[in-house]
Structure formats: C-alpha cells, structure tokens
Amino acid sequence: MGLKQLAASKELKVGNFIVEFATPGIGHILKEAGLDFAFFDMEHSGFGFETLKSAIRYFEAAGIPVIVRVPALENDMLARACDMGAEGLIAPMISTVAQAQAMVDAVKYFPAGKRGVGLQMAHDNYRAAPVAAALQAANDRTAVICLIETAEGASNVDGIAALPGVDGLWVGHFDLSVSLGFPGEFGHPKFTAAIEAIIAAAKKHNKALGRLVPNVEQGIACYRQGFDFICYSGDVWVLRDGLAAAGKAIRDGVR
C-alpha cells in the first residue's frame, strides 16, 4: 500500500524517523520490524538529494512507503524530492493557507498544481506513458502533509486542513511549544489547546494526522487522541537507547 492510500485510511500506521542511517538495508530492517512507513528527514539530518535518491530505492525495495521532509518550503526542493520518488512530502513551518497552497502547487502536476513536468524518471520508474495519464498517475501517487509547528499554523489549521490537495497534517511538537512561548512544556494549556485545534481540524476535514513520539505509552495516547500516523522515535535514538539499556543490564547482572 502506498503512502497516499495510507493517508486515506484512519487505521493506525507506525513508522520510524530516519535521521542518521540511510543504509541499503534500512528499508528491509523497518519491514522486518513490522513498520508501515518511514519518515526521512532532510531538515535536521544533513542528508542531501543524492542520498535521498538512493534511500528511496532502499525503501521501495522493501515495500515501505516514505514521507520526506525537505529542508524548506521551496518549490525546487519539493519538486526534486517528488522527481526522485518521494510519495509523501513535508516542508517545515506551514503557517498559512497560502503556504499550504504553495506546497500543493510544488508537489502536484496540472491541473491540481504547478509542478514542472519531468517524466520517465525515478518517480514513475522510467516508464513511458501518455503525458496526461502520467501526470494523473503522479498526482494520484503523491501526498501533501502540512507540518503544523507554529502558533500561527495552529490558529490557521482549519483552513489548511480544508484545502484541496492537502492529505494530512503533522505536528511538530517541539517547535510548536517554542512558538507558543513555552519550550518543551507539553502540558501547558496553550500547547494542549493548539493540539486540540489540530486534532479537530484533521477530524473535521477527514485528513490524516501524524507526529513523532518518544515512547510506546505516548504513541498509544496519541492514537487515542486521533493521531493515525505514529512515528515511534528515530533510528539513532532506538540504537542508542537499546544499547544503553542492554549494556547497563549486562553490567548490573554480573555484579
């Protein structure tokens, strides 16, 4: 099942945040772990487009749909990620309906958007097809997910969620808390009110809703709140925490 189909379903999807290990086996590792998607981050990782192009093939080989966060809301970044085969697209700091529309325009071909045409390349597996059919197939394949991580974005979230072409919302919880003036205070009333507004907008407009969670308990709680894309931790943190726990257990066990 592709990312677009996953976004259309409210069933639980569990994934992992890829910020360090763009290795050839990463897709198969996630698949063997029973995960449903990968969130491939170019904003904070330092991954470039050459790495992205290879990594998308690694995920495709394992049948793992991938959401790609590009470093900025720029047409060339979003369109290049699409050309390389990204199924789901996220750009940082979507705060207005106009910015969400700019995302749709960059990701979607005519008549749904303004993406520059590049066919018979990685995103369509180099297949030859009539132009109109190829454009429609690309539009049907790609999902636009708006990252809500500012106070302004939370206040405009209903209009963003209502926009045709937007398939889902994603919460950037750390940046949202900073934008609200309470860094890391996820229990603060202003933060919880913003989250409630985002959840309500996703539910009202039947859009997918996702976020990163640091532990199992929060993942379960977020799903019960209305989040259906649960991105459990990240590759580097899973490795670090697993090794730390095992190392401590071995040392404690031999004392």
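Here are a few things to note about the model shown:
- Listed here are the helices (runs of 4 or more DSSP H) enclosed by region 15-97 that have at least 1 residues being in contact with a Pro (Cβ under 6 Å, 6 or more places away or on another chain) and among the hydroxyl-bearing types (Ser, Thr, Tyr): 49-62.
- Qualifying residues in region 135-156 (those that are surrounded by fewer than 21 Cβ atoms within 10 Å (Cβ to Cβ) and polar (S, T, N, Q)) - the one farthest from ASP175 (Cα to Cα): GLN136
- Checked against (1) aliphatic (A, V, I, L, M); (2) assigned to a loop (DSSP other than H, G, I, E, B); (3) in contact with a strand residue (DSSP E or B) (Cβ under 6 Å, 6 or more places away or on another chain), ALA129 meets all criteria but (3).
- In region 177-194, of all residues being in contact with a Lys or Arg (Cβ under 9 Å, 6 or more places away or on another chain) and hydrophobic (A, V, I, L, M, F, W, C), the one that is nearest to ALA7 (Cα to Cα) corresponds to LEU180.
- For the criterion of being touching a Gly at 6+ places or on another chain (Cβ under 7 Å) and either farther than 14 Å from ILE94 by Cβ or surrounded by 13 or more Cβ atoms within 10 Å (Cβ to Cβ) (or both), ALA200 fails.
- Scanning region 164-189 for residues that are assigned to a strand (DSSP E or B) and among the hydrophobic types (A, V, I, L, M, F, W, C) turns up VAL166, LEU169, TRP170, VAL171.
- ALA62, sole failed condition from (1) surrounded by fewer than 16 Cβ atoms within 10 Å (Cβ to Cβ); (2) in contact with a His (Cβ under 8 Å, 6 or more places away or on another chain): (1)
- Boolean, GLY159 is crowded, with 18+ Cβ neighbours inside 10 Å and either modelled with pLDDT of 95 or more or assigned to a strand (DSSP E or B) (or both): no
- GLN225 in contact (Cβ under 8 Å) with a residue 24 or more places away in the chain and among the polar types (S, T, N, Q): yes
- Scanning region 213-255 for residues that are hydrophobic (A, V, I, L, M, F, W, C) and touching an Asp or Glu at 6+ places or on another chain (Cβ under 6 Å) gives a single hit, VAL236.
The values are calculated or read from the model by the stated rules, or taken from the named source; none is laboratory data. Remember, predicted model here, so these are calculated numbers, not experimental data. Because the Cβ atoms are built from the backbone with ideal geometry, glycine has one as well, and the counts that use them run over all protein chains shown.
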